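Student: This is the structure, below, for whatever I ask next.
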Amino acid sequence: VGDKKILCVGLVCLDIINVVDKYPEEDSDSRCLSQRWQRGGNASNSCTVLSLLGAPCAFMGSLAAGLTADFILEDFQVFCIDVSLVSKHAQCVPPASVVISNISTGSRTILHMNSFIVADFSRRAVDVSAVVWQVKGQTPCACCVVCPPNGSRTVFLFDTNLPDVTLEDFSKVNLRQFKWMHWEGRNAEEQVKMIQQVEQYNSTLPQQERITVSVEIEKTREPLYQLFPYGDVVFVSKDVARHFGYESAEAAVRGFYSRVKKGAILICAWAEKGADALGPDGVHVHSDAFPPKQLVDTLGAGDTFNAGVIFMLSNGKCLQEALTFACKIAGKKCGFHGYDGISEKTST
């Protein structure tokens, strides 16, 4: 499986990031310190980090033709990300986000709206052959406000009418080219059917040749919780944990573990408190956080963490090694804008 890829299925959008020295007041006219366009979306960001870590990867999601999609695809290519599975939708606009980044607090606030993405995938050399081009809908756009002084990022997402990838789209994928498939929880009912297709494929293969499945349950939406029993590795967010009344990552993984399938790994990251996990042996694993000297940009830190775990586990590392490495690169990412600095050596 050495040459096989990691596939990430989920959202790609345009992030419009505004860096400010303090969060703007409502109904005010303010200057920002800088502004940039960046390819965003959880699965898309994880692809970028995986590519920078040296893992061959592919992205599968939906795009609508236009300038935004051109930017996104070009960036995927720069990162060597395969986008041959992208679903292409005509008469649609890709999603976009405006991000306000507060340099004083490190916060980032995200506003999502629509329409440049393909170019960025291209820049990162991410395989986007699995992208599904839709004939209806618009590409999502997010507005992000990043405040470096406190590390905050506030996000407003315009998640448009662009359809998500379906089982019909996924059925065209050649599963033999992948060793790991990661789903960002979105249209969960369809995603369960896709994973079941992978399970059926795996049942015909010896253990060492099977595709590992991971799922991310980030949003507090009831339909997403049906994904819990379908991942070999399950990422559950701090937001979901708190929604269920858990006040720590350890409490969350212990409380949610009955929901995952036998033999699965359950992971919960808790920002500055680090991350915790439970594996099939029932042993609790913890890693502290590794914050940068100066908090600059937390946008995409969670996606970076997920990619770090996937990268390490897919290369045969143990759960403790994977968790610690993921916390290190997520912390490192918070010390600079974007993702390029991740490619500089990070201790494993």
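Student: What residue, of D303, D276, is under 16 Å from the mean Cα position of the chain (by Cα) and among the acidic types (D, E)?
Tutor: Working: D276 fails: under 16 Å from the mean Cα position of the chain (by Cα).
From the options D303, D276, the qualifying one is D303.
Student: Against the definition (closer than 23 Å to D3 by Cβ and charged (D, E, K, R)), how does K179 come out, yes or no?
Tutor: The answer is yes for K179.
Student: Tell me yes or no: at least one residue of the range 286-301 is at positive phi and either in contact with a strand residue (DSSP E or B) (Cβ under 7 Å, 6 or more places away or on another chain) or modelled with pLDDT under 95 (or both).
Tutor: Looking through the range 286-301, none of the residues is at positive phi and either in contact with a strand residue (DSSP E or B) (Cβ under 7 Å, 6 or more places away or on another chain) or modelled with pLDDT under 95 (or both).
Student: Here's a check for you: in the range 218-234, which residue that is assigned to a helix (DSSP H, G or I) and of a type outside the set (S, T, Y) is surrounded by the fewest Cβ atoms within 10 Å (Cβ to Cβ)?
Tutor: Checking each candidate, the answer is E222.
Student: Within the range 208-215, does at least one residue satisfy the condition of being of a type in the set (K, R) and out of contact with any Leu (no Cβ under 8 Å at 6 or more places or on another chain)?
Tutor: yes
The values are calculated or read from the model by the stated rules, or taken from the named source; none is laboratory data. Not measured: the values here are computed from a predicted model. Backbone-built Cβ (ideal geometry, glycine too); neighbour counts: all protein chains shown.
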